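The values are calculated or read from the model by the stated rules, or taken from the named source; none is laboratory data. Note that the coordinates shown come from a computational prediction; the quantities given were computed from them, not determined experimentally. Positions of Cβ are backbone-derived with ideal geometry, glycine not excepted, and every protein chain shown enters the neighbour counts. Note: areas computed on protein heavy atoms with side chains; ligands, DNA, RNA excluded. Shrake-Rupley method; radii C 1.70, N 1.55, O 1.52, S 1.80 Å.
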Amino acid sequence: MISLGLQKIFIRSYVLIKLSLLFWLYAFAGGLLLGIGPALLTIADLYKQHHWHYERIKVREGWQLFKHNFKRGNLYFYLFVATMTGLSYNLYLSVQSRGLVFILTDFIIIFGLLIVLSMFHFGIWLTANYELSFQALIKLAFIQFFNNFWEVIKLLAGLGAIFLLTYKFPGLILFGSIPGMLLWTAFVSKKWVTKLEKAV
């Protein structure tokens, strides 16, 4: 029983490392600037198709997915970056000002940042599960944020924990943090995906 548990831990750790290395391989293939978005969608697709079957996760299949996801991945990633940058800058300006109105504005902007961050992660997993138009993807990710408050809290808490672990152990950036965030999103989204499948 203990040996089976250890084997499970080793297999899952290996899948995390393999997905992480593939992410960086594809991200650098796109010159980072044009590679991060498609690489995120690619490792989401690979995990969705093969889960913990590490031997089925192949570089060549990932490369085909990367090319397929290139345009959509960049559009999705840079829409997220632009929105987060705009909100963060507005928060910075708002924090410099005094008054009750600006305190209220700070909370609204922070809430907006949390919505966008959650939608980004939910959207990556939704893309791996369904063939959706870009508009439908954004709508579903937005609806998912308001579908279950505790799911959002779990998502953000898990992402925060992964961020803190990565801050303490920077090597995780190369060997696990990014697929770790993806897998955590997949875990949190289980009920929502099941709900969508029943509705279809």
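Tabulated results
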quantity: Counted residues, the stretch 164-184 - those being touching a residue at least 12 places away in the same chain (Cβ under 8 Å) and farther than 23 Å from Asp45 by Cβ; calculated: 1
quantity: Any hit, the stretch 185-194, residues being touching a residue at least 60 places away in the same chain (Cβ under 8 Å) and touching a His at 6+ places or on another chain (Cβ under 7 Å); calculated: yes
quantity: Test: Val95 is aliphatic (A, V, I, L, M), part of a helix (DSSP H, G or I), touching an Asp or Glu at 6+ places or on another chain (Cβ under 9 Å) and under 25 Å from Leu156 (Cα atoms); calculated: yes
quantity: Residue match in the stretch 78-86 (condition: in contact with a helix residue (DSSP H, G or I) (Cβ under 6 Å, 6 or more places away or on another chain), of a type in the set (Val, Ile, Thr) and part of a loop (DSSP other than H, G, I, E, B)); calculated: no
quantity: Pair list, Cβ < 6 Å and 6+ apart or interchain, from the stretch 1-28 residues that are open to solvent by 100 Å² or more (accessible area, probe 1.4 Å) to residues that are of a type outside the set (S, T, N, Q); calculated: Tyr14/Tyr54
quantity: Qualifying position, being on the phi < 0 side of the Ramachandran plot, touching a residue at least 12 places away in the same chain (Cβ under 8 Å) and surrounded by fewer than 20 Cβ atoms within 10 Å (Cβ to Cβ), among Leu75, Leu93, Leu79; calculated: Leu75
quantity: Residue under evaluation Pro38, criteria (1) open to solvent by 30 Å² or more (accessible area, probe 1.4 Å); (2) of a type outside the set (S, T, N, Q); (3) at pLDDT 95 or above, criterion not met; calculated: (1)
quantity: Residues that are in contact with a Leu (Cβ under 7 Å, 6 or more places away or on another chain) and either open to solvent by 20 Å² or more (accessible area, probe 1.4 Å) or part of a helix (DSSP H, G or I) (or both), drawn from the stretch 41-58; calculated: Thr42, Ile43, Ala44, Asp45, Leu46, Tyr47
quantity: Cβ-Cβ under 7 Å pairs, at least 6 apart or on other chains, the stretch 104-131 side more than 24 Å from Asn90 (Cα to Cα), far side among the acidic types (Asp, Glu) and in a helix (DSSP H, G or I); calculated: Ala128/Asp45
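Residue-wise test of (1) within 23 Å of Leu22 (Cβ to Cβ); (2) charged (D, E, K, R); (3) more than 16 Å from the chain's Cα centre (by Cα).
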residue	(1), (2), (3)
Leu132	no, no, yes
Leu140	no, no, no
Phe146	no, no, yes
Phe149	no, no, yes
Val152	no, no, no
Pro170	yes, no, yes
Ser177	yes, no, no
Gly180	yes, no, no
Leu183	yes, no, no
